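Trainee: I'd like to ask you about the structure that follows.
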Amino acid sequence: MKLKIIGILFVFGAIVFAYSQTSEKPFANAADFPRGALIYVQFADLPTFIKQLNESKLKQDYLESENFAQFENRHLALKLASRWQEFNEASGFPIDLNTFGNVSETRAAIAVYDIGRLDAVFIAPVNDEIFAASQFFQNQSQFEETELEDGTHFYSADVAADRGRQHQKLVFTNFSGRFILATSEKLLLQTLSNINGKSPKNSLADEPSFKNLSEKVTPHTATVWLDQAKLNDDYYFKHYWLAGNIEDLKKFRAGMFDFEMSEEKWTERREFLLAETQTENDEKINATGANNLSAMLPENMPFYKLQAAANKPDLLADSIENSLYERLEKKRESRKKSWNRQNYSYDNFYSSGSDDWNNYSYLNDDYDKTIDDAEDAGVVEETKNSPEVDAEKQFRNDLQTALAPANPQIVLTAQIPQMLPAPLFAEFRKTVIVTLRAPENLNREKLENVLAAKLRVQLTITDSAAKLDWETKIENNKQWRELNLPMLGWGISYSLKGDKLIFSNSAELLKIIIFSDKKVEEIQSETQFDDLTIIRLGEHEKFFDQIMNTLAKETAEDVSGDFFAGNIGSLLNVASDVSRIEISRNLFGNYLHEEINFIFKAENY
């Protein structure tokens, strides 16, 4: 069962191990496939890919991981294994990765047309000798043979799919130097028509979004194309395959992902065609500017993110607010704007005691107070001119007044977990570093007043005379400002170091940053980008494992403890050879480019 599930996952787009390859017609395979596919995957060298996959340590580590152990017992995995077994029973022999590899010369591709039924077409170049040695040729007597008018022969077998509730076909042929396997005669005949050139504009290569994105991608080891607009409306994708919010994917029309491997790193390049044209950033981030910022961080910082900040006051406000005040602020959940009984609890309708029915024997003044209460019913979210909303607007406006003259360019946000002695648990020390083009124009007095006023609101200090005083700290000719809250045991601080404005919710972390003078060239991206996220996996044992193991002990009977410490932790162990992950994004009108680099530890190459 394990090999079947792994085979399915990797055939339909998994992590890739092989050598890169290009050709004069990089997407020639797509011209053979009928239009209407949801997913398309092509391999530069399928036999080599399968061989290296089977020999890889990553595959073995994943098969032994807690994440896979939990996955193979879930509905999706059981359904996939069941459906694959139905195809095996129809063919009379096991169809797995090795079966596909043995019937391919080099390049191969597969397209999926229906996720629920697993309707698909697989095409690979093949010569007569390879085909004659394949399981399909040797077992063709178990299939029904059909001859077309042009003399083409194909072989089909009935598939009792979904426990007999659906009827499909398993159809294959060796045609024009290609092995073709399909799950319906219709798909097979459409494929043959495309190869014969009898169906112009009916191939996948003619699909507008495919054609558009394929012009931007140079295929390497494996390339995946998705019709995201159709997937967003697909029942099985939304309910079984998708792990996140479908609303986040509606901004994408289609996507193409390309995978490449070298000894030092794996690279995944993603091109997205957006549903709507987006506003591009005024200025991009280059590797030099990014490395200057990252060099200021402690070497054990497990996560940080850089974003282009020019003319983005909301980005700056969100970054500062989330890093300095997050632990104090509790945002209200959005309520549905409808009069709905679900907005009320059981106790709002039914009494909890045997004599409480007397409470409803007459209507007192509570009826007039609550029956038409819009907030109680969940119709309104929050009064537009409430003190909270006014204070938030004032904070953002004043922060913009203080920062805008200094012309912010890049904002870096980072955080590092810190285990605390019992009975305390852990805290996240956070920092925000902003690159300023004109640091001499920073309105520091205004900035300090804004930060203190925000803190006063968070602490519900209503006395306008109450002061939160900033203090200047100096050590080894380095200077910073602190606003401490001794009664709570923490505070906020900031410093201006050259053209870098540094904020932190931890004075200790701030000092480490301003005293840093190292030079590093950690970021390897050769292009400019709008934002970049760095995840240092080498630190997971120190931070992630400690926190999650503590959680697991405290929640021994809670599934969440096992999920984080076991499931997610096992994935980190699978990726133990990866030193860090770089994720960069670039927006160009109605296109979004993402690049993900998995960079190995030096001792592994």
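Trainee: Taking R0 as 51 Å, what FRET efficiency do you get between E89 and S516 from their Cβ-Cβ distance, rounded to the nearest 0.05?
Mentor: About 0.20, to the nearest 0.05.
Trainee: Ranked highest first by average number of other Cβ atoms within 10 Å, how do 268-281, 126-139, 495-508 line up?
Mentor: Put in order of decreasing packing, that is 495-508, 268-281, 126-139.
Trainee: Quickly work out the A132-to-D248 label distance, labels modelled 7 Å from Cα along the C-beta direction, and quote it in nm with one decimal.
Mentor: Those two pseudo-labels are separated by 5.4 nm.
Trainee: If you don't mind, another one. Give me the extension gain from E471 to Q140: residue separation times 0.36 nm, minus the current Cα-Cα distance, reported in nm with one decimal.
Mentor: Length difference between fully extended and current span is 110.7 nm.
Trainee: How far apart, in nanometres, would the label points at F428 and E55 be if each is projected 7 angstrom from Cα along the Cα-to-Cβ direction?
Mentor: 4.3
Trainee: What distance in nm separates the simple spin-label points at R444 and N196, each placed 7 Å from Cα in the Cβ direction?
Mentor: Spacing of the two 7 Å Cα→Cβ label points: 8.1 nm.
Trainee: Contour minus end-to-end for K312 and E280, with contour as 0.36 nm per residue of separation and end-to-end as the Cα-Cα distance?
Mentor: 10.4 nm
Trainee: Past the 30 Å Cα-Cα mark, which pairs from K478/K601; K312/K430; K265/K519; K25/K305?
Mentor: Beyond 30 Å: K478/K601; K25/K305.
Trainee: Compute the length gained on full extension between E508 and T527: take 0.36 nm times their separation in residues and subtract their Cα-Cα distance, giving the result in nm to one decimal.
Mentor: 3.4 nm
Trainee: Here is a follow-up. Counting only protein heavy atoms and a 1.4 Å probe, tell me what percentage of the stretch 135-277's accessible area is made up of carbon and sulfur.
Mentor: The C+S portion of the solvent-accessible surface of the stretch 135-277 is 45 percent.
The values are calculated or read from the model by the stated rules, or taken from the named source; none is laboratory data. Bear in mind that the values here come from a model prediction, so they are computed numbers and not experimental data. Quick reminder, even Gly has a Cβ in these numbers, built from the backbone with ideal geometry, and neighbours come from all protein chains shown. Accessible surface is based on the protein model in full, side chains and every heavy atom, while ligands, DNA and RNA are left aside. Shrake-Rupley method; radii C 1.70, N 1.55, O 1.52, S 1.80 Å.
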